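Data block below; observations after.
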Amino acid sequence: FAKKGEAGGEGGEEERKPPPNQLAALLRRCDDEKCSPVALVTEYLQSMGPSAIDVAMTTLCSGEHDVEGIDFLILFVEYLSKAAETRENFEAFNAYLNRFLFVHGGIIRAAEAGEEKEKEKEKDEEKGGRRVAQMTAMKEAMQSLKMNQHAAANRLKEKLMKASALVRHFQNLI
């Protein structure tokens, strides 16, 4: 992602806009410091009510035209992927994932479908390279999230099946 002093490969200084909310600020801080956002972001989200979480997720990105907002979406998808790997707070994780996909599903679908179209436009536009990089990053982050979420769900399913088998076994003993 283009950070201060990395103006998309031009070598000049590009000031980043301030984050739209505290969630975005936490995601950016973790990205800048190369730390895992799982504990920090999860703690922050758990301290909020449902409507505040909805507002925080909604204001991460205002649409496909919001270049910096898409960077925040990618960071949030990476957070979700890492949260799925920890296999902690599974119910909360799924609630966050559900709401995130409901709010930003259109942008994610556009990123997955529009990667090839943007590569063709890249030749004509100055910002095309960043847009293609964003779409590729979003696609990769979503694939990682999907894989980690399936692994966590399968692990929970296995535990439930074992518990069910034990219950049936003990019922037969009575």
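Values for this structure:
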{"read-out": "Residues of segment 50-86 satisfying the condition of being hydrophobic (A, V, I, L, M, F, W, C) and not in a helix (DSSP H, G or I)", "value": "L60, C61"}
{"read-out": "Those residues of segment 31-49 which are assigned to a helix (DSSP H, G or I) and over 13 Å from the mean Cα position of the chain (by Cα), in sequence order", "value": "D32, E33, A39, L40, E43, Y44, L45, Q46"}
{"read-out": "Segment 70-86, residues that are among the polar types (S, T, N, Q) and at pLDDT 90 or above", "value": "S81"}
{"read-out": "Test: residue in segment 83-91 that is among the β-branched types (V, I, T) and within 20 Å of S51 (Cβ to Cβ)", "value": "no"}
{"read-out": "Long-range neighbours under 7 Å by Cβ, at least six apart or interchain, first residue open to solvent by 80 Å² or more (accessible area, probe 1.4 Å) within segment 142-167, second not in a helix (DSSP H, G or I)", "value": "R155/R87"}
{"read-out": "Selection count where residues are open to solvent by 70 Å² or more (accessible area, probe 1.4 Å) and without any contact (Cβ under 8 Å) to a residue 24 or more places away in the chain, scope segment 63-87", "value": "1"}
{"read-out": "Single condition F90 does not satisfy, out of (1) of a type outside the set (K, R); (2) out of contact with any helix residue (DSSP H, G or I) (no Cβ under 8 Å at 6 or more places or on another chain); (3) open to solvent by 10 Å² or more (accessible area, probe 1.4 Å)", "value": "(2)"}
{"read-out": "Selection count where residues are among the small types (G, A, S) and over 14 Å from the mean Cα position of the chain (by Cα), scope segment 50-86", "value": "4"}
{"read-out": "Residue in segment 23-30 that is closer than 17 Å to T136 by Cα, at pLDDT 90 or above, open to solvent by 60 Å² or more (accessible area, probe 1.4 Å) and in a helix (DSSP H, G or I) present", "value": "no"}
{"read-out": "Of residues in segment 87-118 being more than 16 Å from the chain's Cα centre (by Cα) and closer than 17 Å to V67 by Cβ, the one modelled with the highest pLDDT", "value": "G114"}
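The values are calculated or read from the model by the stated rules, or taken from the named source; none is laboratory data. Here the structure is a predicted model, which means the values were calculated and not measured. For neighbour counting, all protein chains shown are included, and Cβ atoms are generated from backbone atoms with ideal geometry for every residue, glycine included. Ligands, DNA and RNA are stripped out before the accessible areas are found, and what is left, the full protein with its side chains, is counted by its heavy atoms. Shrake-Rupley method; radii C 1.70, N 1.55, O 1.52, S 1.80 Å.
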